[in-house]
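Presented below is the structure to which this report refers.
The values are calculated or read from the model by the stated rules, or taken from the named source; none is laboratory data. For clarity, every value in this text was computed on a predicted model and none was experimentally measured. Backbone-built Cβ (ideal geometry, glycine too); neighbour counts: all protein chains shown. When the accessible area is computed, the model is the full protein with side chains, heavy atoms only, and any ligands, DNA or RNA have been set aside. Shrake-Rupley method; radii C 1.70, N 1.55, O 1.52, S 1.80 Å.
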Amino acid sequence: MFRSGAVIPVLKVLRLLGLFASCILLVTHARWHMRALQWCLRRQWSQHRGDLEGSVRISRDAATDLKWWIADDNLSRGRPFTQPPPVTTVITDASTLGWGAHLGDLEIKGLWSPEEQMFHINLLELWAVRLALKAFLPSLRGQSVQVLSDNTTAMWYINKQGGVGSYLLCREALRLWSWANDHQIFLEANHLAGVLNVRADSLSSVLGRPRVASPSRSSPFDLPDVGVSSDRSVCHPGELALSVVLQPPVSGAGIFGGRVSENPVRPVALRISPIPLIPRVLRKIRQDRAQVILIAPDWPRTVWYSDLLQLSLCPPLRLPLRADLLSQSQGQVLHPNLQSLHLHAWRLSGAT
């Protein structure tokens, strides 16, 4: 029954797919291993005809997936209730000319061949993701990785481990997941508005030879010197206030590349509040149409993350994992688990 070329009644295929779908929340990679059978059904049977007496010939890929489903190890392994939050973020973009991506200060870009340029942009976006992840593999192996793209179709096909809308997109998404699984990488894709995807967009659109750059000396967050001191006297319990004074560079370029006003720079108080207060902070920024640099976690699964992206003027700056990044009592008490916070500096504007 599960061999390549076997003929299975349509009704039995529908029942199998229904069983597989019921296991999506329980079995790791369940969607991945039902796509080949879905495509066999789609190509050989149409639900609009209403004929349940037909049959479906099993392809080689579908036979492989069916055998995967009867292996006890695959079903008994289970799936965590929540996936681990991403520990690193890769931002990608593709154009009809080429592709580009960056991971922190690392950059990669390449050009499409004349034949590749003929393919749909959705497929080029998925190719860009795979090529970027392969280039950054030494920094990604064994981690949970967030992929940010301004293409919602690519995001959907990654998160759903394929789909039945486009065979080419499904095949590329499964190829990406197969490669990631071989390197113990868990993928999560999220949307990044095109106006924020400036760096990757410029890499994908600029002519030049493919390259992997060393850490760049400049970024959208070209921060001037910042003095930081803590003041527990103005904090509520559980809060840590950071008094940050922005010193404008001599050249006159302001923070994040803006122009510095002739007025003296006033101290800007940045407050790291309890996580539940972040939605209120974002609402206040929007209400007052304020421009703020907010230090906040990069947690895509939170309810306020979409608001954070909408208010952002440029991609966030990841803060370095220094032991003294967050401290109290004049540096005597250090934060015990900085890595879990994924702290970034976000340039926000309520006028966007």
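Compare the peptides 78-88, 188-198 by average per-residue count of other Cβ atoms within 10 angstrom and give them in order, highest first.
Result, highest mean first: 188-198, 78-88.
Between D150 and L192, the built amide H atoms are under 5 Å apart, and every one of these is 5 or more places off in sequence or on another chain. With protein chains left intact and a 1.4 Å probe, residues in the range 1-153 average 51 Å² of accessible area per residue. Based on Cα contacts under 8 Å between residues 6+ apart, the range 75-146 shows a relative contact order of 38 percent. So, counting K/R as plus one and D/E as minus one, what does the shell of residues with Cβ under 13 Å around P85 add up to? Once positives and negatives cancel, what remains is -1.
Measuring nothing but protein heavy atoms, the accessible surface of the range 72-203 at 1.4 Å probe radius is 56 percent carbon and sulfur. Positive contributions from Lys and Arg (+1) and negative ones from Asp and Glu (-1), summed over other residues with Cβ under 11 Å from the Cβ of K160, come out at +2. So for the range 35-191: antiparallel DSSP bridges make up what percent, rounded to the nearest 5? Beta bridges within the range 35-191, antiparallel portion: roughly 50 percent.
Using the Cβ of A193 as centre and a radius below 13 Å, the other residues enclosed give a net charge of -4, where K and R count +1 and D and E count -1.
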